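Structure first, then comments.
The values are calculated or read from the model by the stated rules, or taken from the named source; none is laboratory data. Just so it is clear, the structure is predicted and the values come from calculations on it, not from any experiment. As a convention, Cβ positions derive from the backbone with ideal geometry for all residues, glycine included, and neighbour counts pool all protein chains shown. Note: accessible area is taken over every heavy atom of the protein model, side chains too, but ligands, DNA and RNA are not part of it. Shrake-Rupley method; radii C 1.70, N 1.55, O 1.52, S 1.80 Å.
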Amino acid sequence: MTISGKINLLIENVKYKEAIVLLKNSCVGALSVFKPRVIILSSELNKYKQDEVNLVEDVKDLNKIRLEIITLSQQMDVHHIELDTENINELLACSLLIEDSFPFIDRTKFRDKIKNALASNKADVILVNGEPRSGMSYLEKFLRNISTSLDILTFVPIEIPAVLGDPDIILGEKLAKSILNEIGLEIEFDTEENEQFKFKQFINKLKKCVKEENKVPVFFLHDFHKIEDNNDNLLEFIFTLIKSIKNDFPKCIFIIAGFNYQNIRHWHSDLKFTTPVYNIEKIQVDDVKKCLSKIYLKYETKIHAIDGFDNITLDEYIDGMISMLIEDSNKIDISAIGLGISEHLLALKE
């Protein structure tokens with residue numbers, strides 16, 4: 001039975017407290033974004049019960065609580081269906097992203113970390129470590145693809161070189177403002193205050209916004225490796241952000257890619273042991289073949305319609321594509337392969 005179905009039965013039997021307990025117990029994983037509303041409902045019901053004791057209750061208040069319980073259960077049901085385990089597994093296993101335009105090859109460990117973050121009741125931070133041209137930009141496409149498919153997610157990408165490309169002593173403050181600007185908020189820091197106070201202001205404003213949204217924002221701060229990130233103000237901001245996320249932050253996911261995290265304060269003595277680091281895996285030929293096999297199965301009719309390809313088998317197709325995409329199996333350029341497959345997909349769709 002659905003959450004709303006169970007709730008309706010409890011409401012019909014005037015079991016409002018039990019209905020709120022059920023809502024609270026249903027706030028797991030990504031649905032934990034609804035927990036603040038459940039807590040408010042519980043407080044309102046307690047107040048009504050106390051008003052009953054004092055003989056000053058207003059039935060309109062109870063009707064409002066009942067309606068909110070039913071409405072909230074219906075909203076949670078919509079997301080509960082899309083967050084079904086089978087649906088999530090299928091979505092995370094996808095090889096073609098954003099209208100079948102971009103390949104997502106391997107990255108099994110990253111898929112697992114995102115799956116764990118979605119299933120978690122708390123806010124999460126994931127650090128991504130990878131060399132230039134290791135396919136970091138495809139992580140953004142993967143996250144965007146997932147966020148587009150799950151209505152409960154909001155994707156917030158921040159291209160670091162675009163906002164922190166110019167040398168400055170207050171890169172942390174600039175990044176804090178950029179994050180808030182991306183979600184439609186502004187903040188003006190008092191120049192006379194110290195950086196700890198300013199970053200606390202940022203954290204409080206962000207927390208309030210996340211709590212009120214009823215969505216899980218997925219922040220992707222990427223390409224730190226393209227700037228000089230050994231900046232004291234920036235390091236202090238990242239440290240404050242990670243520590244805050246680990247304490248009492250509402251449900252959200254922060255992915256920080258390309259940052260030299262070992263320079264963060266207390267990294268080696270504290271954060272190292274509690275902060276997940278994803279090291280981008282090297283792509284193997286078999287990983288590319290697996291992606292190509294899925295393309296063949298999906299576009300077999302169009303592949304056979306190409307002149308001279310009318311009888312091409314799966315193995316022949318894969319071998320032919322591999323010979324074009326990979327010159328040296330010991331030096332696989334994922335960026336070049338990704339572009340080549342995207343061009344191929346474009347031709348098939350046309």
**Request:** Determine, yes or no, whether Ala93 is hydrophobic (A, V, I, L, M, F, W, C) and closer than 19 Å to Cys252 by Cα.
**Result:** no
**Message:** Just to be sure I understand the filter: pairs with C-beta atoms under 9 Å, separated by 6 or more residues or on different chains, first member in the range 296-314 and closer than 23 Å to Ser95 by Cα, second member open to solvent by 70 Å² or more (accessible area, probe 1.4 Å) and of a type in the set (Phe, Trp, Tyr). Which pairs pass?
**Reply:** Ile303/Phe309
**Prompt:** Cβ-Cβ below 8 Å, separation at least six or inter-chain, first residue in the range 121-138 and on the phi < 0 side of the Ramachandran plot and touching a residue at least 40 places away in the same chain (Cβ under 8 Å), second surrounded by fewer than 17 Cβ atoms within 10 Å (Cβ to Cβ) and in a strand (DSSP E or B): which pairs?
**Reply:** Ile126/Val277; Leu127/Val277; Val128/Val277; Asn129/Val277; Asn129/Asn279; Gly130/Asn279
**Message:** Can you find a residue that is closer than 30 Å to Glu82 by Cβ and assigned to a helix (DSSP H, G or I) anywhere in the range 212-223?
**Reply:** yes
**Request:** Kindly indicate whether Asn194 is surrounded by 18 or more Cβ atoms within 10 Å (Cβ to Cβ), at pLDDT below 95 and more than 30 Å from Val38 (Cα to Cα).
**Result:** no
**Request:** Tell me which residues, restricted to the range 50-98, are part of a helix (DSSP H, G or I), of a type in the set (D, E, K, R) and surrounded by 13 or more Cβ atoms within 10 Å (Cβ to Cβ).
**Result:** Asp51, Asp61, Lys64, Arg66, Glu68, Asp77, Glu82
**Of all residues making up the range 2-31, the number that are in a loop (DSSP other than H, G, I, E, B) and on the phi < 0 side of the Ramachandran plot** = 5
**Asked** In the range 226-241, is there at least one residue being in contact with a strand residue (DSSP E or B) (Cβ under 6 Å, 6 or more places away or on another chain) and modelled with pLDDT of 90 or more?
**Response** no
**Fill in**
For the range 157-184, pairs from a residue that is free of Cβ contacts under 8 Å to residues at least 12 places away in the same chain to a residue that is surrounded by 21 or more Cβ atoms within 10 Å (Cβ to Cβ), with Cβ under 7 Å and 6 or more apart or across chains, are Lys174/Leu164
**Request:** Evaluate the range 105-118: report whether one residue or more is without any contact (Cβ under 8 Å) to a residue 12 or more places away in the chain and either on the phi > 0 side of the Ramachandran plot or surrounded by 20 or more Cβ atoms within 10 Å (Cβ to Cβ) (or both).
**Result:** no
**Request:** Restricting attention to helices (runs of 4 or more DSSP H) lying wholly within the range 245-337, give those where 1 or more residues are of a type in the set (S, T, N, Q) and open to solvent by 30 Å² or more (accessible area, probe 1.4 Å).
**Result:** 300-304, 314-325
**Request:** Give Asp168, Asp151 a once-over and let me know the one that is in contact with a helix residue (DSSP H, G or I) (Cβ under 9 Å, 6 or more places away or on another chain), closer than 30 Å to Ile88 by Cβ and open to solvent by 30 Å² or more (accessible area, probe 1.4 Å).
**Result:** Asp151
**Request:** Would you be able to say whether some residue in the range 275-297 is β-branched (Val, Ile, Thr) and farther than 23 Å from Gly130 by Cβ?
**Result:** yes
**Request:** Quick one: count up the residues across the range 338-350 that are open to solvent by less than 60 Å² (accessible area, probe 1.4 Å) and either hydrophobic (A, V, I, L, M, F, W, C) or touching a residue at least 40 places away in the same chain (Cβ under 8 Å) (or both).
**Result:** 6
**Prompt:** Within the range 114-134, how many residues turn out to be of a type outside the set (D, E, K, R) and outside any helix (DSSP H, G or I)?
**Reply:** 11
**Complete:** Screening Arg144, Arg111 for residues that are part of a helix (DSSP H, G or I), of a type outside the set (Asp, Glu) and touching a helix residue (DSSP H, G or I) at 6+ places or on another chain (Cβ under 7 Å) leaves only Arg111
